[in-house]
1. Among the numbered conditions (1) at pLDDT 95 or above; (2) loosely packed, with under 14 Cβ neighbours inside 10 Å; (3) not hydroxyl-bearing (Ser, Thr, Tyr), tell me where residue 108 comes up short.
2. Within the stretch 75-83, does at least one residue satisfy the condition of being free of Cβ contacts under 8 Å to residues at least 12 places away in the same chain and open to solvent by less than 70 Å² (accessible area, probe 1.4 Å)?
3. Which one is surrounded by the most Cβ atoms within 10 Å (Cβ to Cβ), of the residues in the stretch 65-74 that are modelled with pLDDT of 95 or more and not in a strand (DSSP E or B)?
4. Return the residues of the stretch 84-105 that are of a type outside the set (A, V, I, L, M), open to solvent by 30 Å² or more (accessible area, probe 1.4 Å) and farther than 24 Å from residue 16 by Cα; say none if nothing qualifies.
Amino acid sequence: QVQLVESGGGLVQAGGSLRLSCAASGSIFGITEMGWYRQAPGKEREWVVVISAGNSTIYLESVKGRFTISRDGAKSTVYLQMNSLKPEDTAVYYCFARVRDITYWGQGTQVTVSS
């Protein structure tokens, strides 16, 4: 079992920045990758970014160059630095962690970008 706790969401004006954190606990040594999805009102959940155990990263095209994912040395916490935010980035952001074929989810954190 893996537990994920997110923090760092909030309200920001367009062009601003936020940093999200996701702290993992429990059976973290089995985690192969972590990342973030987001879900905007009335839309399906959308994958945003993933980081592997080897620190390889893949980003959604629309956030490339604006968002940066990183993880701490112990690999138990991942961060999502979001710069140049746009109103279309408004969503609930969910952290995830994968252990073999099981995906664990955080509770979600709201990010609202005003125009």
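1. (2)
2. No, the stretch 75-83 has no match at all.
3. Per the criteria, the residue is 66.
4. 98, 100, 101, 103, 104, 105
Condition check ((1) modelled with pLDDT of 95 or more; (2) basic (Lys, Arg); (3) at positive phi) across all residues:
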{"position": "45", "(1), (2), (3)": "yes, yes, no"}
{"position": "50", "(1), (2), (3)": "yes, no, no"}
{"position": "54", "(1), (2), (3)": "no, no, no"}
{"position": "94", "(1), (2), (3)": "yes, no, no"}
{"position": "103", "(1), (2), (3)": "yes, no, no"}
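The values are calculated or read from the model by the stated rules, or taken from the named source; none is laboratory data. None of these values were measured; they are calculated from a predicted model. Quick reminder, even Gly has a Cβ in these numbers, built from the backbone with ideal geometry, and neighbours come from all protein chains shown. What goes into the accessible areas is simple: the full protein's heavy atoms, side chains included, and nothing from ligands, DNA or RNA. Shrake-Rupley method; radii C 1.70, N 1.55, O 1.52, S 1.80 Å.
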